[in-house]
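Report on the structure given below.
The values are calculated or read from the model by the stated rules, or taken from the named source; none is laboratory data. Model, not experiment: these values are computed from the prediction. With ideal geometry, Cβ positions are generated from the backbone for all residues, glycine too; neighbour counts draw on all protein chains shown. All accessible areas refer to the heavy atoms of the entire protein, side chains included, with ligands and DNA or RNA removed. Shrake-Rupley method; radii C 1.70, N 1.55, O 1.52, S 1.80 Å.
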Amino acid sequence: MALRRLAQENNAASSPRSPAGPIPASPASGLGPTTPRSRLSNGSYGFHRSPADTPSISSSIPFDWEAARSRAPAPFATPLKKGRKSVATGTSTPRKAVIRKKGIIERIKNIPSAIAFEIAIFPQNVPLPTPKTTARIIGGAIHVAHFLILARNDNEENWDLVSGTKQSSWFDWTTPITLLLILFSVYNTYNLATRRRTYKFHHRMDPLSSPHAKFVVTNLDLEPLARPAIGQRIRSNLWFYFSYFWRFLFGMQPPTRPALPQGKTSRVQELEVWEPSEMDLELFSIYSPAHAVLWLSMGSSSWLYSVVIMGIVGLQLNVMTHSYTQLLKDKQIIAAETMKEYNDGFVYPRINPIRKDVAVMTHQSEVVNVWED
């Protein structure tokens, strides 16, 4: 209000008006309002000047004295709020949407496209069980197969006609199945131990304090390379260790890994992190190579001890893997919450300070009387 009064007084001093009474309506009397003085007349912005004469960061439109004197309506009148009330308050009825339903003919026409879509996304659209459930089903089926093989070998009787004693064949259909189950346990263990994720540190010059970190030469295009097949990895590892063993015995230089990639390369640090899958962990705790060996050594006199040892091994593996997995998740939660509290309390208040532009916006028609305080 002080700035508005100052503007009115300055305009009154620059415009001729009668000493008392309102301004005559007719301009012919010679006492009507005149055009205000031009801005920037003296080239300075003193404290005695009107704020409308000074440059503003929020408005560059000159003050309209004619609108103030004629009390014209404001051009930015506040619109009436006719919005819908919140449904959560229960004060109004929610709007009922009209949903168009497909007819029987249109649905029949869409059947071929729906079938083609389901075929395209197969097998992702098949409702498969969770990884833990799948591992338990596979492990339970393997144990049942071992039990049937053991029961079949105990009940099979082969009599020798010469000596009159029982004999059992050392090779029958149970032998390849047993060998296949043992190889499956070894494969699952190898797949569990070699499942890793690689991280490259392009801005870290100091060596990382980890036995899985090493300096490698990588391509600067940062395109992920295809992982070799498991057969190729097994062959390359076996050949490397075989060559390393014989070279070590003969005192020769150890073998080297395959040649480095060609092209635009750079020497960076690489960290291989073990990342086992949930299904492999659960299946390893249910059926590991130790379980397979226990099934092979199980007999009619030691089956009770074998079953007890098998249960203890499976239970401790399951408890240890689940406990350690939960420990890693808890550490991730703690680290994430620590960083969140640090960002909320220190980083964000400093890089995103709360600012506001304090200004007063009005219009000339909102002035009731420019000549009265």
(message) Can you tell me which residue is surrounded by the most Cβ atoms within 10 Å (Cβ to Cβ) among those in segment 265-282 that are farther than 15 Å from residue 198 by Cβ and aliphatic (A, V, I, L, M)?
(response) 281
(request) Please find, within segment 226-265, the residue that is modelled with the lowest pLDDT out of those that are among the charged types (D, E, K, R) and part of a loop (DSSP other than H, G, I, E, B). (result) 264
(message) For the list (1) modelled with pLDDT of 90 or more; (2) exposed (fewer than 10 other Cβ atoms within 10 Å of the Cβ), I need the number of the one condition that residue 352 fails.
(response) (1)
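Would you point out which residue out of 301, 285 is closer than 26 Å to residue 176 by Cα and open to solvent by 70 Å² or more (accessible area, probe 1.4 Å)? Break it down stepwise before answering.
On the way: 285 fails: open to solvent by 70 Å² or more (accessible area, probe 1.4 Å).
Unique residue meeting the criteria: 301.
For the subset of segment 205-224 comprising residues that are assigned to a loop (DSSP other than H, G, I, E, B) and over 17 Å from residue 273 (Cα atoms), which member is modelled with the lowest pLDDT? Please lay out each step first, then the result.
Going residue by residue through segment 205-224, those that are assigned to a loop (DSSP other than H, G, I, E, B) are 205-212, 220-224.
Imposing the further condition that a residue be over 17 Å from residue 273 (Cα atoms) reduces the set to 205-206, 220-223.
Values: 205: 83, 206: 85, 220: 66, 221: 61, 222: 56, 223: 59.
Residue satisfying both the conditions and the ranking: 222.
Restrict the check to segment 314-336 and report whether at least one residue is within 18 Å of residue 147 (Cα to Cα) and open to solvent by less than 100 Å² (accessible area, probe 1.4 Å).
Pass one, segment 314-336, residues within 18 Å of residue 147 (Cα to Cα): 314.
In the following step, the residues that additionally are open to solvent by less than 100 Å² (accessible area, probe 1.4 Å) were identified as 314.
Yes; the residues of segment 314-336 include at least one that is within 18 Å of residue 147 (Cα to Cα) and open to solvent by less than 100 Å² (accessible area, probe 1.4 Å).
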